[in-house]
Amino acid sequence: QDQAMFLGMKQLTDLAPPAFKRNVFHAMRAPYGLTGVNAGQVDAVHEKTLESVRNQIAVRVEGQTDIVTIGVPYLGPYNVNAPMNPVLVVCMGLGYLFNFYRNKPVLRKGGVAILTHPCRYEFDAVQHPSYIDFYDEVLADTTAPAEIEAKYELRFAEDPWFRQLYRKSHAYHGAHPFYAWYWAAHAMEHAGDIIIVGGDREVVHRLGFKCATTLEDAFEMAEQTVGRHPSVTHLRMPPILLADVE
């Protein structure tokens with residue numbers, strides 16, 4: 001039954017335009033339930049809450065891996081009822097999902113991170129106006145977080161039009177795309193290579209990464225960095241997990 005539903009949904013999504021698929025996906029509701037209710041003194045409640053969260057999402061992982069594969073979902077904290085633009089793809093895949101670990105990253109230092117996402121040039125002009133300029137202007141110049149911060153952040157943060165849209169409309173602040181990008185700085189420094197599967201080639205190159213058509217192509221490209229017989233770990237999300245790496 002699950003396989004039949006999957007095949008039916010895949011046929012539908014293969015034929016449907018991106019906007020229709022996005023509306024369908026955004027209409028879905030996650031089947032979350034209650035995991036605990038804690039009340040009392042703040043610090044004690046906090047510790048109990050952390051215990052509940054760890055029990056819910058912690059996954060034991062034995063050692064680090066040469067390659068980590070991550071499927072980036074269509075929805076994140078900053079794109080409700082909007083496309084996940086390329087900057088938010090980086091934020092979600094390399095900022096959030098890559099960093100969901102304790103002790104040490106799932107990926108070894110110098111390993112290869114492989115993300116899957118269509119990664120199209122799609123922006124919501126109402127919610128993400130500063131993201132458009134960040135992509136078109138800033139990333140065209142540099143993808144280095146420190147250089148981006150030094151050259152561009154203050155100008156975007158103080159831009160009067162971005163401030164007006166933030167205060168009076170439904171836009172994120174002018175500085176928001178910068179911190180979305182900084183969120184991924186650790187992963188970009190840690191990985192020897194970053195490959196996006198299925199993404200628009202021009203967009204992926206603007207982000208500073210390599211592009212592959214299929215996962216098999218990505219593994220072949222990764223051989224140049226990690227050799228011919230690498231270890232591979234897949235972070236299967238959703239639901240969210242916290243990799244407890246030994």
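Taking the residues in the stretch 194-222 that are exposed (fewer than 13 other Cβ atoms within 10 Å of the Cβ) and out of contact with any strand residue (DSSP E or B) (no Cβ under 7 Å at 6 or more places or on another chain) as candidates, determine which candidate is farthest from residue 55 (Cα to Cα).
Among them, the one singled out is 202.
Here is a yes/no grid of residues against (1) surrounded by 19 or more Cβ atoms within 10 Å (Cβ to Cβ); (2) out of contact with any strand residue (DSSP E or B) (no Cβ under 7 Å at 6 or more places or on another chain); (3) in contact (Cβ under 8 Å) with a residue 12 or more places away in the chain:
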| position | (1), (2), (3) |
| --- | --- |
| 67 | yes, no, yes |
| 70 | yes, no, yes |
| 80 | no, yes, yes |
| 83 | yes, yes, yes |
| 90 | yes, yes, yes |
| 101 | yes, no, yes |
| 113 | yes, no, yes |
| 121 | no, yes, yes |
| 128 | yes, yes, yes |
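Of these, 112, 37, which one is at pLDDT below 95 and not aromatic (Phe, Trp, Tyr)?
Exactly one of 112, 37 is at pLDDT below 95 and not aromatic (Phe, Trp, Tyr), namely 37.
Scan the stretch 17-36 for residues that are more than 20 Å from residue 240 (Cβ to Cβ) and either more than 24 Å from the chain's Cα centre (by Cα) or basic (Lys, Arg) (or both) and jot them down.
21, 22
For every residue, the table says whether it meets (1) touching a Gly at 6+ places or on another chain (Cβ under 9 Å); (2) on the phi < 0 side of the Ramachandran plot; (3) aliphatic (A, V, I, L, M).
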site	(1), (2), (3)
194	yes, yes, yes
203	no, yes, yes
206	no, yes, no
209	yes, yes, no
213	yes, yes, no
221	no, yes, yes
230	yes, yes, no
240	no, yes, yes
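Return the pair list, or none, for Cβ contacts closer than 6 Å from residues in the stretch 38-65 that are more than 30 Å from residue 114 (Cβ to Cβ) to residues that are part of a helix (DSSP H, G or I) and not aromatic (Phe, Trp, Tyr), at least 6 apart or on different chains.
38/45; 38/48; 38/49
Restrict the check to the stretch 123-146 and report whether at least one residue is of a type in the set (Val, Ile, Thr), touching a Ser or Thr at 6+ places or on another chain (Cβ under 7 Å) and farther than 30 Å from residue 223 by Cα.
Yes, the stretch 123-146 contains a residue that is of a type in the set (Val, Ile, Thr), touching a Ser or Thr at 6+ places or on another chain (Cβ under 7 Å) and farther than 30 Å from residue 223 by Cα.
Residues that are of a type in the set (Val, Ile, Thr), at negative phi and at pLDDT 95 or above: does the stretch 21-30 have at least one?
Within the stretch 21-30 (the criterion being of a type in the set (Val, Ile, Thr), at negative phi and at pLDDT 95 or above), the answer is no, since none of the residues qualifies.
Tell me, which residue of the stretch 223-236 that is farther than 23 Å from residue 100 by Cα and touching a residue at least 40 places away in the same chain (Cβ under 8 Å) is surrounded by the fewest Cβ atoms within 10 Å (Cβ to Cβ)?
Only one residue tops the list, namely 227.
Of the residues that sit in the stretch 7-26 and are small (Gly, Ala, Ser) and closer than 20 Å to residue 117 by Cβ, which one is surrounded by the fewest Cβ atoms within 10 Å (Cβ to Cβ)?
19
Those residues that are of a type outside the set (D, E, K, R), within 18 Å of residue 168 (Cβ to Cβ) and part of a loop (DSSP other than H, G, I, E, B), I need them from the stretch 122-136; list them, please.
Once the filter is applied, which keeps residues that are of a type outside the set (D, E, K, R), within 18 Å of residue 168 (Cβ to Cβ) and part of a loop (DSSP other than H, G, I, E, B), the stretch 122-136 yields 125, 126, 127, 128.
Hey, can you tell me all the residues within the stretch 157-181 that are within 23 Å of residue 146 (Cβ to Cβ) and surrounded by fewer than 17 Cβ atoms within 10 Å (Cβ to Cβ)?
Those that are within 23 Å of residue 146 (Cβ to Cβ) and surrounded by fewer than 17 Cβ atoms within 10 Å (Cβ to Cβ): 157, 158, 179.
Starting from the stretch 154-176, keep only residues that are acidic (Asp, Glu), then list their pairs with residues that are assigned to a loop (DSSP other than H, G, I, E, B) whose Cβ atoms are within a distance under 6 Å, requiring at least 6 positions of separation or different chains.
Between residues of the stretch 154-176 that are acidic (Asp, Glu) and residues that are assigned to a loop (DSSP other than H, G, I, E, B), the close pairs are 159/174.
Condition check ((1) closer than 30 Å to residue 110 by Cα; (2) of a type in the set (A, V, I, L, M, F, W, C)) across all residues:
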| position | (1), (2) |
| --- | --- |
| 124 | no, no |
| 128 | no, no |
| 132 | no, yes |
| 147 | yes, no |
| 172 | no, no |
| 181 | yes, yes |
| 190 | yes, no |
| 193 | yes, no |
| 196 | yes, yes |
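Against the condition within 19 Å of the chain's Cα centre (by Cα) and in a strand (DSSP E or B), how does residue 139 come out, does it pass?
No, not satisfied.
The values are calculated or read from the model by the stated rules, or taken from the named source; none is laboratory data. Treat the numbers as computed from the prediction; the structure is a model and nothing was measured. Backbone-built Cβ (ideal geometry, glycine too); neighbour counts: all protein chains shown.
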